[in-house]
Structures are given as C-alpha cells and as structure tokens.
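Okay, so here's the structure we're looking at.
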Amino acid sequence: MARFVQRDELEIMEVNEDHLMRANSVEGRQQAAQKHEGKLYRLVLVSFGLLCVTQAALNISLRLILYNSDAQKLELLKMERDQIKTSNNSLTEAKDQLQTSYNRLTKQRDQLQTSYNRLTKQRDQLQIRCNVLTEERDQLQTSNNILTEERDQLQTSNNILTEERDQLQTSYNILKESLCTQTQTYPHCWIEFNSNWYYVSNERKTWEESRQDCLRRGAHLVIINSKEEQKFLAGLNKRVWIGLTDREEEGTWTWVDGSPPTTAYWGQTQPDNGDNVRQSSVRTEDCAELYNDYSHPLNKWNDLPCDVKISWICEKVV
Ligand code: CA
Ligand code: CA
C-alpha cells in the first residue's frame with residue numbers, strides 16, 4: 001500500500017510539472033485542464049482503492065484479533081475441560097473410596113449392632129441373676145445375723161459351762177484326792193496293770209516328797225522291771241517321778257527298794273547329771289523321771305535335780 005501511495009505522489013508531481021510547462025499556452029492550458037481532470041479522476045479512484053484496501057486491512061486485523069481471541073478462548077476452554085476432567089476423575093475416585101468406606105462402616109455398624117444386641121441380652125440376664133443373688137445374699141445375711149446371735153449366745157453358755165466344768169473338775173479332784181488318801185479305795189484312785197496297782201498324782205512335789213506320799217499310801221515310787229511295764233507307763237504320757245536315784249553315789253543308780261535296774265530306758269544322751277555340773281554348778285541331777293517330751297516309749301528316762309516339783313507314780317503289789 002505504501003508503494004501505491006508513493007507512486008501516486010510521483011504521478012501527482014509529474015502532473016504538476018506538466019501543468020506548469022504547458023500553462024503558458026491556451027491549448028496547453030486546455031489540454032492540461034483535461035489531463036488535470038483525468039488525473040483527479042484517477043486520484044479519486046486511487047484514494048477509493050486505498051480506502052478499500054484500508055477497510056480490507058482493518059477487516060483482516062479485526063478478524064485476526066477475533067481469531068486470536070477465539071483461539072485463546074478455545075485454549076482456555078480446553079484447559080478448563082482438562083481441569084474439569086481431572087477434577088471429575090478425582091471426584092469419581094473419591095466417590096469410590098467414600099462408597100467403599102461407607103460399605104465398610106455399614107458392615108461395622110451392623111456388626112456393632114449385633115454385638116450391642118447380644119450384650120444387651122447378656123446384661124439383662126446378668127441383671128436378673130444379680131437380683132436373684134442379691135435376694136439370696138440378703139437372706140443369707142439375715143440367716144448369718146441370726147446364726148451369729150445364736151453363736152454368741154452359745155459361746156456365752158459355753159463359757160459359763162466351761163467355767164462350771166472347771167470348778168466341778170477342781171472339786172472332783174479335791175474330793176478324789178481326799179477319798180484316795182483316806183480310804184485307799186480301788187479302782188477310783190488306782191490303775192491296774194499286770195496284777196500291780198499304780199497311782200498317778202495330780203499334784204506336784206519333789207522326788208523325796210513324792211516318795212514319802214507313796215509310803216503313806218502303803219506303796220512306793222514306781223519300780224520298772226520290764227519292757228511291758230515301761231511301755232504302759234510311757235502310754236500315760238505324763239511327766240512323773242519314778243523310784244530311781246543315784247543320790248547315794250553319783251553314777252550308781254538304784255531303785256527305792258535298793259535293787260539296781262535290770263534294764264534301763266534312758267533318753268538319748270541321758271543320764272547327763274545335768275549341764276549345770278559341767279558348768280561347775282552344785283545343783284546335780286540325781287533323781288529319775290519319765291520325760292513325756294521324749295517321743296520313743298523305750299527312751300523316756302531323764303535325770304534331773306531332786307528338788308524339782310513334778311507329778312509322780314506310786315506302785316503297789318496287790
Ligand atoms: Ca546324778
Ligand atoms: Ca538329765
């Protein structure tokens with residue numbers, strides 16, 4: 001289009017030159033006027049053409065602008081479409097996950113509902129059992145209270161009876177001792193074994209006091225002559241003096257009738273004349289007892305100081 005304008009300008013300049021060269025003559029002026037009209041006509045045509053070209057260029061530019069705008073819109077639409085498609089895929093995936101989660105939660109809810117129903121039933125059953133047990137407990141508590149009261153009453157009665165029994169036992173022992181001392185009546189005071197009679201005291205005396213008591217009863221401190229007699233006396237299970245002593249000569253044991261023992265039934269390590277002798281004490285052990293703490297019936301003898309007070313056994317031959 002620039003070339004067209006330049007060429008038109010050159011032509012206009014040529015027209016002006018011709019007009020100037022021929023202006024000096026009339027013909028020249030007429031011919032120049034005709035040429036000038038033709039040039040103007042051509043100039044109008046060229047100008048119109050330029051306008052058309054300009055219009056076309058403007059149209060093309062607008063179309064290009066519109067085209068570019070549509071392309072951008074299309075691109076944007078494509079991008080939006082892709083984004084929507086991506087979002088749609090994400091939403092679909094999320095929907096599937098939610099569906100799976102919903103199914104799992106529904107299943108868990110059903111399981112929990114079943115468990116809840118079962119537990120509710122068990123709770124109700126336990127409640128019923130608890131009520132029954134509570135009632136039984138209350139009944140037992142009532143019975144226990146009654147029994148406790150009865151037990152306390154019985155305990156009181158038992159204590160009273162025990163005290164009365166002890167008093168009666170004491171009275172009985174006193175009466176029995178008095179009777180045995182005064183009358184020597186058999187068998188209330190004496191025990192028979194192998195045609196011999198044995199008196200077991202309830203009192204406690206020294207060995208010599210015991211020996212004198214037996215003499216008053218027409219008897220003597222027991223003399224053990226056989227294994228059977230030893231077992232019989234061991235079966236009484238009582239700590240008592242027997243009629244054996246070495247007080248005349250240390251280490252020489254004799255019965256109260258002066259005879260030596262034919263068979264001895266000493267406990268292990270006995271006779272030891274007492275630990276006090278080894279500790280340079282004057283309190284020797286010269287009288288023999290049946291010691292009930294020694295368990296074996298044939299190992300029951302022990303020597304101990306004669307002034308110790310324990311029970312005793314008298315023996316007499318019928
Ligand atoms: Ca001795
Ligand atoms: Ca001893």
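Once you have the Kirkwood Rh of the range 208-262 from its Cα pairs, apply Stokes-Einstein at 10 °C and 1.306 mPa s and quote D in µm²/s.
It diffuses with D of about 131 µm²/s by this estimate.
In percent, how large is the relative contact order of the range 184-265, given Cα pairs closer than 8 Å and 6 or more residues apart?
The normalised contact order for the range 184-265 reaches 21 percent.
Expressed in nm to one decimal, what extension gain is obtained for the pair Lys309 and Thr148 from 0.36 nm per residue of sequence separation less their Cα-Cα distance?
Details: separation 161, 0.36 × 161 = 57.96 nm, distance 4.49 nm.
The span from Lys309 to Thr148 would gain 53.5 nm if fully extended.
Hey, what do the phi angles of the range 252-257 turn into as Karplus ³J(HN,Hα) couplings, whole Hz, using 6.51/-1.76/1.60 and θ = phi - 60°, x for Gly and Pro?
9, 8, 9, 6, 5, 8
Rounded to the nearest Å, what's the spacing between the alpha carbon centres of the range 122-144 and the range 243-270? Just the number, please.
The range 122-144 and the range 243-270 have Cα centres spaced 74 Å from each other.
Amide H neighbours of Cys306 under 5 Å, at least 5 residues apart or on other chains, H built in the peptide plane: list them.
Asp286, Cys287
Considering only Leu244, Asn194, Thr206, whose Cα is most displaced toward the positive end of the charge dipole of the range 190-317, charges sitting on Cβ of Lys, Arg (+1) and Asp, Glu (-1)?
Asn194
Contour minus end-to-end for Lys78 and Gln141, with contour as 0.36 nm per residue of separation and end-to-end as the Cα-Cα distance?
So the extension gain works out to 13.9 nm.
Based on the Cβ-Cβ distance of Arg129 and Ser295, what FRET efficiency does E = 1/(1 + (r/R0)^6) give at R0 = 45 Å, to the nearest 0.05?
So the FRET efficiency works out to roughly 0.20.
Cα convex hull of the range 138-228: mean projected area in nm², to one decimal? Each step should come with its number before you reach the end.
On the way: hull surface 41.3 nm².
Across all orientations, the range 138-228 yields a mean hull projection of 10.3 nm².
Let me make sure I get this right: for the range 190-317, a, b and c are the square roots of the gyration tensor eigenvalues over alpha carbons, sorted descending. Under 1.5 in a/c it's rounded, otherwise prolate if a/b > b/c, else oblate. Which is it?
Cα axes put the range 190-317 in the prolate bin.
A short reminder: the numbers here are calculations on the coordinates, not readings from a lab. Note that the structure is a prediction, hence the values are computed from the model and not measured. Note that each Cβ is placed from the backbone with ideal geometry, even for glycine, and that neighbours are counted across all protein chains shown.
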